[in-house]
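Heads up, the thing below is written out as structure tokens.
The values are calculated or read from the model by the stated rules, or taken from the named source; none is laboratory data. Nothing here was measured: the structure is a model prediction, and the numbers come from that model. Glycine also receives a Cβ, built like all others from the backbone with ideal geometry; neighbour counts cover every protein chain displayed. All accessible areas refer to the heavy atoms of the entire protein, side chains included, with ligands and DNA or RNA removed. Shrake-Rupley method; radii C 1.70, N 1.55, O 1.52, S 1.80 Å.
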Amino acid sequence: MKLLEYEAKALLKMHGITVPQPFIATGQPPAFLPAVLKSQVPTGGRGKAGGVVIVQTQDEYDAAIKKLQQLEIKGFLPQTILGEQLLDIQRELYLSLMIDKAAASIMLMAHATGGVEVEDNKSEEFLRLLVDGKNTESVGQQLAEYYDLPDKTFVLQDMVEQLFTLFNKQDASLLEINPLVLTTDGNLVAGD
């Protein structure tokens, strides 16, 4: 089963992963603007297809809601529009857990560059580490070194453990955070 972003983020938040402040976008804008509005369809490529829009004003908000409700992405029309508080982004990273069938284990994959262009990254540039639940501290440390975020070692160790727990509890085959955002105030947030 594929989850929509707002459903997946609720699970991430339940397991201690920081996510942007969410709201379901309807006719009434949130108390805060600017915000980002995201079409909730069960496919990737929403950003490149125009399904993610930053709004600064009430007029932009109203126009974006109307546009996103009518925007078909890879054959899907959204039933829900996710709104989130806009993050002040310093860096975008890539992080995922997936089943490695050959190793009969869970593999963490990371890249120091995330976001809409992650597919352009060369395969050999990705960090790949097997995670077994007993090595989350060393995997988190290697991840901090790879991202060149030594001051985030403990945060990443906790994140790897939380993601590993969530992955197993939900019997997942893929858990992808793209981008994992490093904010200008130094927080790591599951942006998408």
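Between rounded, prolate and oblate, where does the chain land on the alpha carbon gyration tensor, with a ≥ b ≥ c its root eigenvalues, rounded for a/c under 1.5, else prolate if a/b exceeds b/c? Taking the square roots of the gyration eigenvalues as a ≥ b ≥ c, the chain is prolate.
Solvent-accessible area of the chain (1.4 angstrom probe, protein heavy atoms only): carbon and sulfur portion equals 51 percent. Label sites at Q85 and K101, each approximated as a point 7 angstrom past Cα along Cα to Cβ, lie 4.3 nm apart.
A Förster radius of 35 Å combined with the Cβ-Cβ distance from D132 to K2 puts the calculated FRET efficiency at roughly 0.85.
Take every Cα pair under 8 Å whose residues are at least 6 apart in sequence, average their separation, divide by the length of the stretch 41-192, and the relative contact order is 23 percent. Taking 16 Å as the straight-line reach from the Cα of K67, the aspartates and glutamates in range (excluding those fewer than 8 positions away in the same chain) are D59. Placing a label point 7 Å from the Cα of Q56 along the Cα-to-Cβ direction, the residues of the stretch 13-34 whose backbone N falls under 14 Å from that point are 33-34. Around the amide H of L87, modelled in the peptide plane, lies no amide H under 5 Å away from a residue 5 or more places distant or on another chain. Here the spin labels are modelled as points 7 Å beyond Cα on the Cα-Cβ line, and at V155 and T184 they lie 1.6 nm apart. Tell me whether the stretch 129-189 comes out rounded, prolate or oblate; compute the Cα gyration tensor, take square roots of the eigenvalues as a ≥ b ≥ c, and use a/c under 1.5 as the rounded threshold. Oblate, because a/c is 1.5 or more while a/b does not exceed b/c. Classified by the C-alpha gyration tensor, the stretch 80-192 has a rounded form. Its axis ratio a/c, with a ≥ b ≥ c, is below 1.5.
For the chain, what is the accessible area per residue in Å², given a 1.4 Å probe and the full set of protein chains?
With the other protein chains kept in place, the chain gives 54 Å² per residue.
In this simple spin-label model, placing a label point 7 Å from the Cα along the Cα-to-Cβ direction at both V116 and K74 gives a separation of 1.6 nm. Taking Cα atoms only, the orientation of helix 153-169 departs from the longest principal axis of the chain by about 80 degrees. Computed from backbone phi with θ = phi - 60° and the Karplus coefficients 6.51, -1.76 and 1.60, the 3J(HN,Hα) list for the stretch 2-17 is 8, 9, 6, 4, 5, 6, 5, 5, 4, 5, 4, 4, 4, 9, x, 8 Hz; x is used for glycine and proline.
In a simple Cβ point-charge model (Lys, Arg +1; Asp, Glu -1; nothing else charged), the stretch 1-153 has a dipole of about 500 debye relative to its Cα centre. Using the structure shown, select from K9/K38; K9/K169; K38/K74; K38/K66; K13/K66 the pairs with a Cα to Cα distance greater than 19 angstrom. Cα-Cα > 19 Å for K13/K66; rest within.
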